[in-house]
Amino acid sequence: MSVSSGPARRIAVGRIVGVYGVRGWVRVHSHTRPREAILDYSPWLIERDGRWEAREVEEGRIHGKGIVARLAGCIDREQAAGLIGAEVAVERARLPQTAASEYYWADLEGLRVVNLEGHELGTVSHLFETGANDVMVLRGERERLIPFAKPVVQRVALDEGVIVVDWDVED
């Protein structure tokens, strides 16, 4: 999930991957959990040719293993085809507040990770999901994969920009 910085941060929530029918509907790969939660956000910010534009979601639903949606101003298959490959984002401020011990992955990306002894292990590049737990990918002097789970993660301080982990510097 990519993130932009600044006062109106954009959080990627999906990607337009195809067209559906002839009336301007698009197929969407959703990054949200559950996948249909992407339809709860409107407008979508659509990236085209390096520029972002807001598009209202007029209709949408689950279709098979994916999502289909009709966006304002998209009235035919040709216009829908022009959106294939576009990233779908929403403003960070539009996402629901999290509980004290819950985090959006996008809020963790870019944080420094240090172990209990204060050794810098790297910066969170991104996270991915496994069957057991989420995993942080750290970039630093080398790439590290560290579980984002207790008891490994001791403290997350978003305001300080740091995650403290119980992890050996040699691992």
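The residues of the chain present an accessible area of 57 Å² per residue when probed at 1.4 Å with all protein chains retained. Measuring with a 1.4 angstrom probe and ignoring ligands and nucleic acids, residue 98 comes out at about 60 Å² accessible.
Dipole magnitude for segment 27-171: about 560 debye, using +1 per Lys or Arg Cβ and -1 per Asp or Glu Cβ, origin at the Cα centre. Note on residue 102 and residue 9: their simple-model spin labels are 1.7 nm apart, each label 7 Å out from Cα toward Cβ. Which residues does the label zone of residue 65 cover in segment 12-46, counting backbone N under 13 Å from a point 7 Å along Cα→Cβ? It comes to 29-30, nothing else. Computed on the Cα atoms alone, the convex hull of segment 5-123 gives a volume of 133 cubic angstrom per residue.
Can you list the residues of segment 114-147 with backbone N under 11 Å from a point 7 Å past the Cα of residue 169, pointing along Cα to Cβ? It comes to 115-121, nothing else.
With all protein chains in place and ligands, DNA and RNA left out, the 1.4 Å accessible area ranks 105, 44 as 105, 44, largest first. Across the accessible surface of segment 28-110, with the other protein chains kept in place and a 1.4 Å probe, carbon and sulfur atoms take up 46 percent.
Ordered from largest to smallest accessible area (heavy atoms of protein chains, 1.4 Å probe), the residues 17, 124 come out as 17, 124. Computed from label points 7 Å out along Cα-Cβ, the spacing between residue 129 and residue 160 is 3.0 nm. Antiparallel beta bridges, as assigned by DSSP with both residues in the chain, represent about 90 percent of the total such bridges.
If you run the Gaussian network model on the chain, springs between alpha carbon atoms under 10 Å, then out of 42, 101, 125 the most flexible one is 101.
When the chain is treated as a Gaussian network with alpha carbon springs shorter than 10 Å, the biggest mean-square fluctuation among 47, 59, 87 belongs to 59.
Remark on segment 85-171: ratio of C-alpha radius of gyration to 2.2 N^0.38 Å is 1.13.
Each of residue 58 and residue 37 was given a label point 7 Å from its Cα along the Cα-to-Cβ line. The distance between the two points is 2.8 nm.
Only one residue of 125, 37, 163 has its Cα farthest out toward the positive end of the dipole of the chain, where Lys and Arg carry +1 and Asp and Glu -1 on Cβ, and that residue is 37. Here segment 19-101 is assigned +1 on the Cβ of each Lys and Arg and -1 on the Cβ of each Asp and Glu. Its dipole about the Cα centre then comes out at about 280 debye.
The values are calculated or read from the model by the stated rules, or taken from the named source; none is laboratory data. As the structure is a computational prediction, the values presented were derived from the model and not from experiment. With ideal geometry, Cβ positions are generated from the backbone for all residues, glycine too; neighbour counts draw on all protein chains shown. For the accessible areas, the whole protein counts, side chains as well, though only heavy atoms, and no ligand, DNA or RNA atoms are used. Shrake-Rupley method; radii C 1.70, N 1.55, O 1.52, S 1.80 Å.
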